[in-house]
1. Where nothing but the Cβ of Lys and Arg (+1) and of Asp and Glu (-1) is charged, how large is the charge dipole of the chain around its Cα centre, in debye to the nearest 20?
2. Would you kindly calculate the mean projected area, averaged across all directions, of the convex hull enclosing the Cα atoms of the stretch 352-399, in square nanometres?
3. Sorted from largest down, what three extents in whole angstroms do the Cα atoms of the chain have along their principal axes?
4. Rounded to a whole number, what % of the accessible area of the chain do carbon and sulfur atoms account for, probe 1.4 Å?
5. Going 7 Å from the Cα of residue 174 in the Cα-to-Cβ direction, what parts of the stretch 39-60 have a backbone nitrogen less than 15 Å from that spot?
6. Per residue, how large is the accessible surface of the chain? Use a 1.4 angstrom probe and give square angstrom.
7. Express in nm, to one decimal, how much length is gained between residue 374 and residue 91 on full extension, taking 0.36 nm for each residue of separation and deducting their alpha carbon distance.
8. Apply the Debye scattering formula to the stretch 290-361, with a single equal point scatterer on each alpha-carbon and no solvent, then give log10 I(q)/I(0) at q = 0.11, 0.16 Å⁻¹.
Amino acid sequence: MPTLQDTHATGDRGTAPAPRRAAAVALTAILLAAFIGQFDASVIVLAVPALRDELGATHGQAQFVLAGYTAAYAAGLVTGGRLGDLLGRRRVFQLGVTAFTLLSLSCALSPGPGALIAARTGQGLAAALMLPQVLAIVHATFPPRARARAVGLYGATIGMAWIAGPLAGGALLSWNPFDLGWRALFLINLPVGLVVALGARYAVTESHGDRQRLDLAGAVLLAGALYGLLLPASAAEGGDWPSWAPLAAAGGAVLLVAFWLLQRRLEARELAPLLPPRLLRQRRVARGLVTVLAFYGGNMGFFTLVAYHVQDGLGRTPLVAGLVFSPLAAGFALGSVGSKRPHARYGHRLLVAGALLMAVSLAAVLAVVALAPEESQLWWLPLPLALSGLGEGVVAAPLIATVLGGVPARDSGAASGVLLTATQVAHAGSVTVIGGLFVTVLGETHGGASEFASYARATSTGCAVVLVLALLTALAARRLGPEPRSAGGG
């Protein structure tokens with residue numbers, strides 16, 4: 001699930017607040033952009049079987065349609081925010097919206113898996129231009145009271161996008177308008193993108209921020225490292241790994257080391273690295289980074305497992321699979337809305353409780369998948385999925401705020417960018433690694449068991465990994481400790 005924090009808007013030099021009508025149009029436009037950017041990360045989850053059947057994609061290629069988007073978004077996120085500061089948030093936002101819309105059309109028209117992966121990667125880069133500008137524009141152009149309301153609506157919009165993604169994806173795939181199949185999932189972005197572009201042109205005013213040096217080399221090295229490390233995990237097919245996988249993984253590791261050395265060099269020269277090493281020397285940020293990676297490292301992978309199991313293992317339609325996600329979505333919404341006051345009272349202990357609730361509910365999902373008869377599993381799954389969603393909502397809403405609570409004000413923007421990038425890295429890794437494990441186990445068992453039994457074992461194995469990550473989240477959150485009373489000083 002997404003984080004609701006983004007503080008790229010420090011050091012703003014905004015224009016005067018727009019008149020009320022223009023402000024309403026501007027807010028609608030940028031919130032729609034935030035919606036489609038997050039919606040596109042989750043709407044495609046239920047389309048994996050359709051991509052394999054209709055496009056001839058392998059399991060790994062279908063998984064990378066999901067992971068390629070989030071990996072590109074993660075690699076470009078901080079750079080996109082700084083481009084907005086440098087060139088103008090409105091200008092970069094419009095560029096991102098236009099590119100995102102055109103690349104959505106490219107996704108819909110893709111003739112094969114390779115073209116779709118390339119277009120999805122481009123979409124992720126466009127999202128990295130578009131989405132960091134949303135809260136930056138809010139902070140730069142809205143007065144304090146309107147700004148607080150806009151930030152609250154932004155949080156609700158992000159949550160709604162993640163809830164709506166699987167539900168809308170399942171409905172569209174089952175409805176299949178004009179026999180478009182999975183392509184309809186991308187075509188719905190076209191009218192939304194047009195509305196956003198027109199609204200931004202009419203109502204969003206220009207603003208700039210601190211004009212820091214761009215760490216483009218760092219962004220390129222990080223992107224290369226991510227793709228080198230993630231591609232091998234997504235390329236496993238039927239338990240077999242391609243011959244190039246070790247070379248790609250080794251190359252990704254080398255690029256990751258080069259990225260870190262570059263970040264240290266830029267910091268030593270008092271420039272603006274993508275990931276300032278000084279942040280990781282702050283105990284709270286380092287431990288928070290572990291918590292974020294563990295928490296988000298299971299989310300998208302778990303979504304993918306449920307989609308595989310319901311559609312391929314149980315043989316149900318995408319609409320049924322989307323409805324199976326409904327209890328999880330409802331639980332997440334309830335946990336997110338209800339976590340504000342308890343977090344103010346209990347702090348990091350609420351995160352521990354939410355992660356433990358996730359672990360218990362995931363253990364129940366694992367038991368249902370592994371032990372319940374095929375015909376009754378859909379009756380047993382809703383309750384543990386709802387509890388899992390509740391735990392996720394309790395953790396997701398206050399997690400970044402808890403981590404940033406002890407960060408000095410001068411580092412809050414950089415720390416927020418690092419943690420937000422980490423969530424997207426974890427999402428991409430979750431899909432590829434857990435999905436790759438699922439495919440490997442499926443390939444090893446498929447020949448000696450029934451189709452349902454093979455899928456049940458592969459799904460159970462993946463759920464066990466997500467369960468371990470939930471326990472690691474609880475342990476890491478416990479080590480965060482209470483927020484310092486002097487937090488925020490600079």
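The values are calculated or read from the model by the stated rules, or taken from the named source; none is laboratory data. Given the structure is predicted, the values throughout are model-derived calculations rather than measurements. Using ideal geometry, Cβ is built from the backbone for each residue, glycine included, and neighbour counts are taken over all protein chains shown. What goes into the accessible areas is simple: the full protein's heavy atoms, side chains included, and nothing from ligands, DNA or RNA. Shrake-Rupley method; radii C 1.70, N 1.55, O 1.52, S 1.80 Å.
1. I would put it at about 2260 debye.
2. Here the figure is 3.0 nm², rounded to one decimal.
3. 65, 50, 45
4. Result for the chain: 66 percent of the exposed heavy-atom area is carbon or sulfur.
5. 46-47
6. 39
7. Separation in residues times 0.36 nm, less the Cα-Cα distance, equals 96.6 nm.
8. -0.36, -0.70
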